[in-house]
């Protein structure tokens, strides 16, 4: 790449637009600032390109996803970027914000919302890579860690969860529960997910109850008995209060 | 009211005229001197830079940091001061 300082103002401006960097006119006083920004953006771009191969897959899939962007803009606009712009634009911004990886459109949403998106293939690869997983089986590794905090979730694309669940601790994938062997030691058995409820809580040893159930029943019965006693011993009102005085 | 300094209040109260760059909130002696060395000897020159950067907070902060080494608080004070001045007088 030719030295930035040798470029003309117009070329600097074009480069800034290319990287999606917000800028004003390129004048004497602003030029050094923009050159610095461009250098950072280029370094970031180079770093992302030289990442290991799963990220490469990300790029390939990224391009595939271009067609989805337009369909997904409503979803994307929920992210912090606040707009439905294509991911290319937001990438430098997020890279400047020191995001760990280069998935601008997906990351803000997930990091802030734990929402499931319907892009299983793209996220899973990258996130698993960052977690240093070798294969791309979604449920084999991260689930045991998060099992204790698991919330029942009925999303199919849990692959993306492991990355975020580290920060969140309650995102989960359904097939995690389908591995009974690994879950046997935990309080929540596999069918929990299927039923969608926490019915199974009862058979565990008072999970989440401060006062045992029998004590609650006992107190209830005592109060009910007390009220009954009061009612039965109340004097009944006279049938006719207006008796003639004989 | 948010916590603005006395300097800020004085600066945004009237047109800046020929005030020196030290008059800006967040810019003290040391930073003022550095700015003057770079050619920004009056507050209005810094205002000019602020406007050329389209009043964008991030760009202005970065520029201020690069030019005179202002820390985050100083950057914020200066940006806020200029922005408010612009809201009133520009």
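Brief remarks on what is shown
- Filtered by the rule that a residue be assigned to a helix (DSSP H, G or I) and more than 9 Å from the chain's Cα centre (by Cα), segment B:77-90 gives B:84, B:85, B:86, B:87, B:88, B:89.
- Scanning segment B:39-74 for residues that are in contact with a helix residue (DSSP H, G or I) (Cβ under 6 Å, 6 or more places away or on another chain), within 8 Å of chain A (Cβ to nearest Cβ) and in a loop (DSSP other than H, G, I, E, B) yields one hit, B:53.
- Scope segment A:1-33; condition in a helix (DSSP H, G or I), at the interface with another protein chain (Cβ under 9 Å from one of its Cβ atoms) and in contact with a helix residue (DSSP H, G or I) (Cβ under 6 Å, 6 or more places away or on another chain); matching residues: A:33
Each reported figure results from applying straightforward, stated rules to the coordinates on display, with no laboratory input. Owing to the predicted nature of the structure, the values given are computational and were not obtained by experimental measurement. As a convention, Cβ positions derive from the backbone with ideal geometry for all residues, glycine included, and neighbour counts pool all protein chains shown.
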